[in-house]
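In what follows, a single structure is set out as structure tokens and then discussed.
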Amino acid sequence: MAPPEPAEQRQVLLDERTRTLALIESLTARLSEVVEASADEASDDEHDPEGTTLAVERGQLVAQLARSRVRVEEIDAALERLGRGAYGVCQTCGTPIDPERLEVLPAARQCVRCAMHGGSTRW
Ligand SMILES: [Zn+2]
């Protein structure tokens, strides 16, 4: 499989960025609903299991939002690398990243080898 054209790759990243931003928007909307609902719950004296469910959902939404924001940053970084012709090259070892990996993870910074061993202790 031939490596994708930079223009195509840019489009893939931009699409991914748009999708992620839309996701952030819907997560943010849902989060404010949950926050509002939990505020209502808190004003009730009765202990309600609903409150716990909302707290759990709130935690999940916050975590998902944090991940999505990191994703946008990664996509921006990938677009920046694309702009200076450094896209698709492993930032750790400098070898080209497998195009199939880039198809799955367009914002990948590292080749499979480094991603698997990166951050782990030396053997
Ligand atoms: Zn590498």
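Laboratory data are not the source of any read-out in this text; all were calculated from the coordinates shown. These numbers were taken from a predicted model, which means no experiment stands behind them.
Run the numbers on segment 6-87 and let me know its relative contact order in percent, using alpha-carbon pairs under 8 Å that are six or more apart. Could the numbers behind the result be given before it?
Numbers: 41 pairs, mean separation 36.1, N = 82.
Here the relative contact order equals 44 percent.
Would you pull out the residues with amide H under 5 Å of V89's amide H, same chain only if 5 or more places away, H placed 1.01 Å from N?
Placed amide hydrogens put I97 under 5 Å from V89.
Output wanted: per-residue J couplings in Hz (rounded whole) for segment 99-110, from phi through Karplus 6.51 cos²θ - 1.76 cosθ + 1.60, θ = phi - 60°, x for Gly and Pro.
So the Karplus estimates, Gly and Pro as x, are x, 5, 5, 5, 5, 7, 10, x, 9, 4, 9, 10 Hz.
In whole Å, what are the extents of segment 6-87 along the principal axes defined by its C-alpha atoms, from largest to smallest?
If we take the Cα atoms of segment 6-87, the spans are 60, 15, 14 Å.
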